[in-house]
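Accompanying notes for the structure given below.
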Amino acid sequence: MQNPLSLSFSVTKLKGAGPKIAEKLAGLGIVCIQDLLFHLPYKYQDRTKITPIASLRLGMAVVVEAEVKAATVAFGRRRALLVKIQDGSGLLTLRFFHFSRAQQASLKTGHRIRCYGEVRMGPTGLEMVHPEYSAREEGDFPALENTLTPLYPSSEGLNQIRLRGLIEQALAILKAQAGLPEWLPANWLQEWRLPTLTQALFSLHHPISEQDVAMLLEGNHPAQSRLALEELLAHHLSLQQIRAQAKSHGAPAIKASEYLVPDLLAALPFKLTNAQLKVSGEISEDLAKPSPMMRLVQGDVGSGKTLVALVAALQAIEQGFQVALMAPTELLAEQHFRNMQQWCEPLDVSIDLLLGKSTKKQRDELLPKLADGSIQLITGTHALFQKGVDFGNLGLIIIDEQHRFGVQQRLSLKEKAINGNPHQLAMTATPIPRTLAMTAFADLDLSVIDELPPGRTPVVTASISQDKRDAVIARVFHAVQEGRQVYWVCTLIEESEDLQAEAAEASANRLAEALPHLRIGLLHGKLKPKDKSQLMNAFKAQELDILVATTVIEVGVDVPNASVMIIENPERLGLSQLHQLRGRVGRGTTESYCLLMYGHPLSEQGKQRLEVMRSTNDGFVIAEEDLKIRGPGEVLGTRQTGAIGFRVADIDRDQHWLEVVPELANKLMSEYPNHVDPIIKRWLFDAERFAQV
Ligand code: ADP
Ligand code: MG
């Protein structure tokens, strides 16, 4: 007898998985046979029964069996093959925009057809567009499916049938092995009425009972819920582990500032808000403990996070420690440097700047001073944490706009400290709903600056169609006449810098043509960092009237006189991103405007989203809406960085779990400690790697 396959074997051991297919599978995160079991359907099709045409309703996806009554080619706006079919209960139209002669021949009047598709409303009644079908002159069709047909996330060159075949093989092995080990305590499953992991996997891949079918089609099957719970637990546990590991190292206990912070506060032309004071207090207490601070400060754009960071930095500096402040872009790093410099110099605190673009000469001068501790506060980009940069006595790392960095990047920073772990302070302007924050940042303590400095006027937001571009340009002209400066933001979904730059250039040219007497600058990601900062400085110094830019200006840039922002194609961006962009205006005392210039066609959802932007300036409300509309990966801005991406869990559907997961995780750690590692391993391939960085 052959050796039986094991779930830990490579997928290449399965029938039909050659090297090409294995490569495609790897692209989907599937390497060993067990991974196939966790590759779950994203939806199901019901091809188990034939539905009479008379009972079709809009939006149903069904199998219909009928006779072809007529097939004609219509020449309307688009040429189409229209096939009328009848099953004795009613008539239905099938519409094909692309069709071959062979197809036309098979869809002749009198032929029988079985088709599967979604029912839509056409010009003459219900229809299916491009249904899957088979047609024949006579004889019976093969038997219908007897279970729901799962549809799996896939990629080009890997079809559903192949994927299904592989998953079936994996399920057969699972059966032969009598299931996977169960790591959720039996009494939990009982209490929550949840299936075991093995049962859950079978009912999701292979739904048989009518009850399963109904619940899956509705999206409320306990099997999904059960897997989501385990996955959320796995995430939470792994972050807790990272945190525990970090906390187990000692950190310098840094006592409260006696002179630097009081001197700074005395020199400020304004008072800190109560929210800033509260958060500074929380940070100060963390710093005073002998284990590393791991705190995330959330505050809407303009809430004054920079000062809170500076207060923390001064506390560390007063006790002889160095502080590194890292920003996600050079522009922002330079801005921090200039702002901080202005406060630090009178306090006799030495500050410097290190960027990727810093010259060799600058580095040669700077690096020794970092190594011997004579630079007390260093601002910069991730260049701060590259090889060859050594600190004498790094005590605190501050990460601005941390949602721009991946978990790995964040974790790799702590290696830099020489005396154990430094304290870590992260700041983000992305207001993250609380339950989501507890899930995504379970390794961090959370502080919220929930108050804006007084005297801000909210930005007035309106939306307008791109057809009215001329009217918009006229408004821009008037705004400039009134002495305002204007941001004109071009968005593109494509990640390509080239395309973004091109689109922005086209817009800038159009504006220059329409407004020949205005001074227009163009800022995009392809410019050299030096040119970027020159442009920004020129805009700040009011040497430019209009700054046309791609979304590179999104983060943290501060130009108080800019009080008008036009955003082209706002429908392409997430709400939180729009909110961040809009936060660039409304920084001065004059009333500010943001005009969302949408393209066509605007979907229902698109309209709804622009309405949210018009109706509120509250970042938290916007984040909640964003979460509902787009899902957590996008809200956290982590789709690119991969900090969090659930395979099964769905933040809306599984909201109730988010609230109990922290408590359940604690229970598991104390009552079933040996279940913790297996759960993490099962769900997070990268967990170990994460924990090691
Ligand atoms: P963000 O939270 O978006 O990073 P910043 O720290 O850049 O906000 O602050 C925005 C502006 O508000 C800055 O010009 C800053 O000097 C100013 N600011 C910060 N705190 C206060 C305060 N308590 N009162 C008045 N203005 C403040
Ligand atoms: Mg900021």
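The values are calculated or read from the model by the stated rules, or taken from the named source; none is laboratory data. Note that the structure is predicted; figures quoted are calculated from it, not measured. Here the Cβ is made from the backbone with ideal geometry for all residues, glycine too, and neighbour counts use every protein chain on show. Ligands, DNA and RNA are stripped out before the accessible areas are found, and what is left, the full protein with its side chains, is counted by its heavy atoms. Shrake-Rupley method; radii C 1.70, N 1.55, O 1.52, S 1.80 Å.
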Of residues in segment 229-264 being part of a helix (DSSP H, G or I) and in contact with a strand residue (DSSP E or B) (Cβ under 8 Å, 6 or more places away or on another chain), the one farthest from ligand 2 (Cβ to nearest atom): 247
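Take residues that are of a type in the set (Asp, Glu), surrounded by fewer than 16 Cβ atoms within 10 Å (Cβ to Cβ) and modelled with pLDDT of 90 or more and tell me which of the helices (runs of 4 or more DSSP H) falling wholly in segment 526-619 contain 1 or more. Steps first, answer last, please.
Details: elements: 529-540, 575-582, 604-615.
Counting at least 1 such residues, we get 604-615.
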Condition broken by residue 352, with the remaining ones in (1) open to solvent by 10 Å² or more (accessible area, probe 1.4 Å); (2) without any contact (Cβ under 8 Å) to a residue 40 or more places away in the chain; (3) within 16 Å of ligand 2 (Cβ to nearest atom) satisfied: (3)
Residues of segment 265-306 satisfying the condition of being in a helix (DSSP H, G or I), crowded, with 21+ Cβ neighbours inside 10 Å, within 14 Å of ligand 1 (Cβ to nearest atom) and of a type in the set (A, V, I, L, M): 279
Residue selected from segment 374-403 under the condition open to solvent by less than 30 Å² (accessible area, probe 1.4 Å) and polar (S, T, N, Q), by the criterion nearest to the chain's Cα centre (by Cα): 402
Candidates 319, 240, 245, 224, filtered to the one that is over 29 Å from the mean Cα position of the chain (by Cα), among the polar types (S, T, N, Q) and outside the structural domain of residue 523 (by TED's automatic domain parsing): 319
Sole exception among (1) within 24 Å of residue 209 (Cα to Cα); (2) of a type outside the set (Ser, Thr, Tyr); (3) open to solvent by less than 60 Å² (accessible area, probe 1.4 Å) for residue 60, by number: (3)
Residue under evaluation residue 116, criteria (1) under 30 Å from residue 198 (Cβ atoms); (2) under 37 Å from the mean Cα position of the chain (by Cα), criterion not met: (1)
Residue list for segment 1-56, restricted to those being closer than 28 Å to residue 218 by Cβ, among the basic types (Lys, Arg) and surrounded by 13 or more Cβ atoms within 10 Å (Cβ to Cβ): 43, 47
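Assess whether residue 289 counts as being more than 16 Å from ligand 2 (Cβ to nearest atom), without any contact (Cβ under 8 Å) to a residue 24 or more places away in the chain and of a type outside the set (A, V, I, L, M). Let's see the steps before the verdict.
Numbers: more than 16 Å from ligand 2 (Cβ to nearest atom): yes; without any contact (Cβ under 8 Å) to a residue 24 or more places away in the chain: no; of a type outside the set (A, V, I, L, M): yes.
Criteria not met by residue 289.
Could you please find all residues in segment 318-329 being open to solvent by 10 Å² or more (accessible area, probe 1.4 Å) and away from ligand 2 (no atom under 15 Å from the Cβ)?
Listed by number, the residues that qualify are 318, 319, 320, 321.
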Residue in segment 74-92 that is at pLDDT 95 or above and either within 30 Å of residue 648 (Cα to Cα) or surrounded by fewer than 15 Cβ atoms within 10 Å (Cβ to Cβ) (or both) present: yes
Only listed residue being in contact with a strand residue (DSSP E or B) (Cβ under 8 Å, 6 or more places away or on another chain), in the same structural domain as residue 104 (by TED's automatic domain parsing) and either surrounded by 14 or more Cβ atoms within 10 Å (Cβ to Cβ) or polar (S, T, N, Q) (or both), chosen from 204, 126: 126
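Of 285, 231, 258, which residue is modelled with pLDDT under 95 and of a type in the set (Asp, Glu)?
Details: 285 fails: modelled with pLDDT under 95; 258 fails: modelled with pLDDT under 95.
On inspection, the qualifying residue turns out to be 231.
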